[in-house]
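The values are calculated or read from the model by the stated rules, or taken from the named source; none is laboratory data. Source: prediction; values computed, not measured. Every residue, glycine among them, receives a Cβ derived from its backbone with ideal geometry; neighbour counts consider all protein chains shown. Ligands, DNA and RNA are excluded from the accessible area calculation, which covers all protein heavy atoms including side chains. Shrake-Rupley method; radii C 1.70, N 1.55, O 1.52, S 1.80 Å.
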Amino acid sequence: MNSSSPKTGNSCNCTQQNVADALADRDERLKARIAQHPCYSEDAHHHYARMHVAVAPACNIQCNYCNRKYDCANESRPGVVSETLTPAEAAHKVLVIAGKIPQMTVVGIAGPGDPLANPKQTFETFARIAEKAPDIKLCLSTNGLNLPDYVDKIKELNIDHVTITINTIDPDIGARIYPWIRWQKKRIKGKEGVKILLERQQESLQALQEADILCKVNSVMIPGINDQYLVEVNQLIREKGAFLHNIMPLISAPEHGTYFGLNGQRGPTPKELKALQDQCAGNMKMMRHCRQCRADAVGLLGEDRSQEFTKQKFMQMPVAYDLEQRQLVHTRIELRRQELAEQKHGVASPSARPTPKILLAVASKGGGLVNQHFGHAKEFMIYEVDAQTVRFVGHRKVAHYCQGGYGEAATMDHILEAIGDCQGVLCSKIGSCPQEKLRQKGIEPFEDYDVIETVARKFYTQFMQTRLEVDYAVQKHR
């Protein structure tokens, strides 16, 4: 008995180690698959660009938050495009932009309708791109209704990333979001149609997992309708093999012409969105850097260069795709990412006990740096900071404060409302007037030009030191 016990124990230890090694190997392979995908990797979105090609105008469901619009250059939201393209035009556009923006690594089809309600255009476009630009990753975004029918084709074309929008798993809730679906050449309304959609979405998740295709799930947070139930969605999609969950805020301005917008359905506040994301984060990885891009977006996340490449313009541009030049640019980016990672590795200061958390708003043009003037920011990246960690938690869109050399009071009010829960603003430069307005609201401006984590740590140290000095002065006065 005694002589056999050690062998049993060693066998268990070996088995546990084998499982651990297998999990570590899987995680490393996953990291490699998403390393240059700005939507699937939070770190990559600082460095790599994406583009969407609008070849899929038709849709097979109606969503109460969607209104597909054309030639809306000033709107930045899903379903909006300036023009649709043929597969040949889309492939030409990709090859032009791949040369002019060599850090562009991903081409997606996300509308303006549903890619799989337009399978001929979608797959012809992907085939043309894959033939001419094999280094570019292909991905599509779909509602999932038709997805089970095309998983084999998706696998054949090496489309490695698929996003499904799943807003509920409850048909009663779904009936408040989806008025109808088009299924087998029939329009099916209400709960009956929703049941079909939800069943097909779950079938899609299973099929993607079996095909080893990476799946991200988008969910639109709609206060009072599905917000209390997205935790259940989060749990289900984890069980079905999705590896990333993107909970997005409802966009419902009346001028967009959506059913929800015209009927007063509000979107969530930043605080409500963050609370739900935090609640779901313990179950699976959350995507917090989504910009809810247009269906013809071009460039880094957070910027849109689509108007530089309208059909009239890009069809006159020669193809500039150069694989060797692109690989050289990517190598330089990876070297820079390694340098930044080494700097970030050294910023955390260990502590034996919990420390206060604060939120910081960061003005950045990309590259993982604090490198933008306060007045030039169209959005602020939000980081949660304590003595151990600097963690990205979201972004807040704002209007330019500087407009032709002067600041608009209304614009500043909007900025203060957007970042009012932050203790500081990190930027490369800021004028005296906005500094004063920020301080009046208890938000401390901080000028620097460095890695975001480094600047955030510097601010946190000074902020906590100031707080200690104030507390000491108050206690001494007492």
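Some observations on this one:
- Within segment 300-329, the set of residues being within 23 Å of the chain's Cα centre (by Cα) and within 17 Å of residue 111 (Cα to Cα) comprises 304, 306.
- Among the residues of segment 87-104, those that are of a type in the set (A, V, I, L, M, F, W, C) and in contact with a helix residue (DSSP H, G or I) (Cβ under 8 Å, 6 or more places away or on another chain) comprise 88, 90, 91, 94, 95, 96, 97, 98, 104.
- Consider segment 166-182 and keep the residues that are of a type outside the set (Gly, Ala, Ser) and open to solvent by 30 Å² or more (accessible area, probe 1.4 Å). The one that is nearest to the chain's Cα centre (by Cα) is 169.
- Within segment 396-409, at least one residue is open to solvent by 40 Å² or more (accessible area, probe 1.4 Å), of a type in the set (Phe, Trp, Tyr), modelled with pLDDT under 90 and more than 23 Å from the chain's Cα centre (by Cα).
- All positions within segment 183-200 that are crowded, with 17+ Cβ neighbours inside 10 Å and of a type outside the set (Val, Ile, Thr): 183, 193, 197, 198, 200
- For segment 228-235, the criterion of a residue being surrounded by 16 or more Cβ atoms within 10 Å (Cβ to Cβ) and closer than 27 Å to residue 156 by Cα is satisfied by no position.
Here is a yes/no grid of residues against (1) touching a helix residue (DSSP H, G or I) at 6+ places or on another chain (Cβ under 9 Å); (2) under 30 Å from residue 167 (Cα atoms):
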{"position": "254", "(1), (2)": "yes, yes"}
{"position": "258", "(1), (2)": "no, yes"}
{"position": "262", "(1), (2)": "yes, yes"}
{"position": "297", "(1), (2)": "yes, yes"}
{"position": "306", "(1), (2)": "no, yes"}
{"position": "344", "(1), (2)": "yes, no"}
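- Residue within segment 383-403 that is touching a Pro at 6+ places or on another chain (Cβ under 7 Å) and among the acidic types (Asp, Glu) present: yes
- In this entry, residue 290 passes the filter for residues that are surrounded by 15 or more Cβ atoms within 10 Å (Cβ to Cβ), within 13 Å of the chain's Cα centre (by Cα) and of a type outside the set (Gly, Ala, Ser).
- Filter pass, residue 41 being part of a helix (DSSP H, G or I), of a type in the set (Ser, Thr, Tyr) and either open to solvent by 50 Å² or more (accessible area, probe 1.4 Å) or at pLDDT below 90 (or both): no
- In segment 135-151, residue surrounded by the fewest Cβ atoms within 10 Å (Cβ to Cβ) [restricted to those that are of a type outside the set (Ser, Thr, Tyr) and without any contact (Cβ under 8 Å) to a residue 40 or more places away in the chain]: 149
- Consider segment 44-70 and keep the residues that are crowded, with 24+ Cβ neighbours inside 10 Å and among the small types (Gly, Ala, Ser). The one that is farthest from residue 394 (Cα to Cα) is 56.
- Enumeration of residues in segment 244-278 that are of a type in the set (A, V, I, L, M, F, W, C) and either open to solvent by 40 Å² or more (accessible area, probe 1.4 Å) or assigned to a strand (DSSP E or B) (or both): 244, 247, 248, 251, 262, 275
- Top-ranked residue of segment 298-316 - restricted to ones that are assigned to a loop (DSSP other than H, G, I, E, B) and out of contact with any Gly (no Cβ under 9 Å at 6 or more places or on another chain), ranked as most open to solvent (accessible area, probe 1.4 Å): 316
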